[in-house]
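Presented below is the structure to which this report refers.
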Amino acid sequence: MTPWVKKAKLHIITTVTVCGLVVAMIVPANKKESSAQVVGQQEPSINLDLTENELAKSVLETSNQLAQADTSSVANMMREAQVPQVASYNSNVTETDGVLSFKQETLNQNVLGQANDDQESSLLSMESSDENSAEETIGAVNPLEDESDKQNDMEEGSINEDGSENEEENAKEDEEPAPDFYQVGVTHSSVADIQQRLMDLGFMDYAEPTNYYGNITAEAVMMFQRQNDLKQDGIIGPDTKDMLMSADAKKYTAKLGMDGSDIKRIQTRLYEMGYLASSDQITGHFGDVTEAAVKKMQETNGLAADGKVGQMTVELIYSGEAKPNLISYGDKSDIVLACQKRLKELGYLTTTPDGTYGNDTSIAVKQFQSRNDLVVDGFLGPSTREALNSSNAVANGVMLGDNSEMVTRIQELLIKYGYLASENKTGYFGEVTESAVKAFQKANGLSADGNVGALTMAKLTGSNVVKASSSNSSTNSNSNSGQSNSDNSSSNKKPQNNSNSENSSSNSGTSSSSVSALISVAKSKCGAPYVLGAKGPNAFDCSGFVYWCLNQVGVKQSYITSSGWRNVGKYQKITKFSNIKAGDIVVVRGHVGIAAGGGMVIDASSSSGKIVYRELGSWWSSNFICAWRIFG
């Protein structure tokens, strides 16, 4: 469309080819419907069997009638659009009572093809082959528009306040109409609306919607079709789209008789929690056994026991608060004793094994799960026991920067043996705790590296511990008094802000390098596939991606879901979206990502089907919950 037509909000209602010339009938946007009706009435009256001159006259008469019906002539419209060529053609174009007329000799020349170049570039007729060049000429003559037109465009969103075009709106205007059928590979702005609707209904994990219809979107559509008794082909046709966008669309609920990969994931979690007896019951089919397991889990956890897996049940299944149907707190058995012995051997248990599942055992199990890429729930489920007894089980290692119940237990033991002042029991492994561990290791014949591994833990929890000498105790006491208060407030408490934290005093020099390392690791995985529940190294979901990246740069963060990140409490909390910095973990509704700086974010996107590096834009700000500052 020519620039002056676009600026003046004109519409080409119809065109007629007359002797190789294209005659366009143009009207204002607010007259489009009435004009179209006139054209519909007038076009049949044009007799194509007439002579060339008679045919051209007939077309012009129709155009004149159209202009009269709209109460505004084409000439007026062009003048409003500030197209100065109108003046140069005043000798050939006249207006009477709002109707355009052409001089007969000009009309004859145009029809017979004898007009000169100026006459051939008439505002209402141009040769088809020169259409683009004519548009460029017209657009270049006068790029100005009056303030009222500009204000209208701003209100409609076609330009920004600074006068620049709104690229997103213009892109939508310029793109092809929405397809009748959506399938894998389709790219269109309307796909984002489809993805958002699927997320709102619970069929798709939350992430910033995209314009691409990929495999994950197709899988979510199949689940929606299953839920709404439609053909399950993952393709959105008219029936599926109408149902998806309707107020009657059903939300995600897995129930008896259904089949799918989502059912298999639910069954796997039920097995982990002890509600399914064996792994061969993980089939992907929601049968009677699965329904009974769901009812048992719901009843145990205070939900309505209807045997259906809706939003509340899904959130409970994957949370750390769900009560299992297996060995847990308070139980006593030989199985617990065997597990305690193995936990002790790997450096996780800080008390003597006694076969009772108490608080220390629960802490040890959680620490083990966090170090071995398991869901941290503190339960001795099938996968935890299998990993615990594996030769590949990762031994414990607590070090500078950790913050957990395990650190609190270690500090209690260091205090007991005189290596740490009692006011330094904070749960955060800072410089004071590291110094105390080194002193303990040196006194007990261990390598003094300041880290609490299996050997150090075994010694700490053993029966022949060498206590701190009076000089060590005195030194430790002195270092934790007077100036010790300073240590306690800054060197052995978890970072809170840039002025009163260990980060401020000891890590300020390494903060920027740690942030750079985190972003570099995250960027290295761009393009890796999104897989629900995956924790790397080759596939990820959103929380698995954050978990993997943090651990790659030495932050011992256990795996938690996106909802768990809302209240992690371990790092400095950022409550304003505008305060987000590079390296922060950004938590939005149902999703997490890593701020990359410069207004960008890296995240595992279900809507994109992969790890993406993109703008930390309006979707993130509108769904923002909080952010967590890991480094300084």
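The values are calculated or read from the model by the stated rules, or taken from the named source; none is laboratory data. All values derive from a computational prediction rather than experimental measurement. Positions of Cβ are backbone-derived with ideal geometry, glycine not excepted, and every protein chain shown enters the neighbour counts. Side chains included, ligands, DNA and RNA excluded: accessible areas come from the protein's heavy atoms. Shrake-Rupley method; radii C 1.70, N 1.55, O 1.52, S 1.80 Å.
In segment 606-622, how many residues are assigned to a strand (DSSP E or B), out of contact with any helix residue (DSSP H, G or I) (no Cβ under 9 Å at 6 or more places or on another chain) and either open to solvent by 30 Å² or more (accessible area, probe 1.4 Å) or not β-branched (Val, Ile, Thr) (or both)? Number of matching residues: 3. The single condition among (1) at pLDDT 85 or above; (2) under 19 Å from GLY564 (Cβ atoms) that GLU315 does not satisfy is (1). Take the conditions (1) assigned to a helix (DSSP H, G or I); (2) farther than 25 Å from VAL553 by Cα; TYR419 misses just one of them, which is (1).
Total residues in segment 431-452 satisfying the condition of being open to solvent by less than 20 Å² (accessible area, probe 1.4 Å) and either touching a Gly at 6+ places or on another chain (Cβ under 8 Å) or among the β-branched types (Val, Ile, Thr) (or both): the figure is 5. Scanning segment 193-209 for residues that are farther than 24 Å from ALA254 by Cβ and over 12 Å from the mean Cα position of the chain (by Cα) yields a single hit, ASP193. Restricted to segment 550-603, the set of strands (runs of 3 or more DSSP E) holding at least 3 residues that are under 18 Å from the mean Cα position of the chain (by Cα), within 20 Å of LYS535 (Cβ to Cβ) and among the β-branched types (Val, Ile, Thr) comprises 585-588. For segment 495-518, the criterion of being modelled with pLDDT of 75 or more, in a loop (DSSP other than H, G, I, E, B), open to solvent by 60 Å² or more (accessible area, probe 1.4 Å) and not hydrophobic (A, V, I, L, M, F, W, C) is met by none of the residues. Residue count for segment 229-265, restricted to those that are over 24 Å from ASP180 (Cα atoms), over 23 Å from the mean Cα position of the chain (by Cα) and not in a loop (DSSP other than H, G, I, E, B): 4.
Remark: pairs (first residue in segment 349-370, closer than 15 Å to THR408 by Cβ and open to solvent by less than 20 Å² (accessible area, probe 1.4 Å); second residue part of a strand (DSSP E or B) and not basic (Lys, Arg); Cβ separation under 9 Å; 6+ apart in sequence or on different chains) = GLN367/VAL398. ARG385 - would you say it is open to solvent by 50 Å² or more (accessible area, probe 1.4 Å) and not in a loop (DSSP other than H, G, I, E, B)? In short, yes. For the residues GLY202, GLY237, the requirement of being in contact with a helix residue (DSSP H, G or I) (Cβ under 8 Å, 6 or more places away or on another chain) and touching a residue at least 24 places away in the same chain (Cβ under 8 Å) singles out GLY202. Kindly provide the set of residues from segment 283-326 that are farther than 24 Å from MET223 by Cα and either in a helix (DSSP H, G or I) or basic (Lys, Arg) (or both), ordered by number. Result: LYS296, GLU299, THR300, LYS323.
Pairing each residue of segment 519-530 that is more than 18 Å from ARG629 (Cβ to Cβ) with any residue that is β-branched (Val, Ile, Thr), provided the two are 6+ apart or on different chains, yields C-beta distances under 6 Å for LYS525/ILE611; CYS526/ILE611; ALA528/ILE611. Every condition in (1) open to solvent by 40 Å² or more (accessible area, probe 1.4 Å); (2) over 25 Å from LEU400 (Cβ atoms); (3) of a type outside the set (A, V, I, L, M, F, W, C) holds for GLY597 except the one numbered (1). Could you check, for segment 372-380, whether at least one of its residues is under 40 Å from the mean Cα position of the chain (by Cα), in contact (Cβ under 8 Å) with a residue 60 or more places away in the chain, open to solvent by less than 40 Å² (accessible area, probe 1.4 Å) and farther than 21 Å from VAL407 by Cβ? There is at least one residue in segment 372-380 that is under 40 Å from the mean Cα position of the chain (by Cα), in contact (Cβ under 8 Å) with a residue 60 or more places away in the chain, open to solvent by less than 40 Å² (accessible area, probe 1.4 Å) and farther than 21 Å from VAL407 by Cβ.
Every condition in (1) touching a helix residue (DSSP H, G or I) at 6+ places or on another chain (Cβ under 7 Å); (2) of a type in the set (A, V, I, L, M); (3) buried (at least 16 other Cβ atoms within 10 Å of the Cβ) is met by LEU316 except one, and the failing one is (1).
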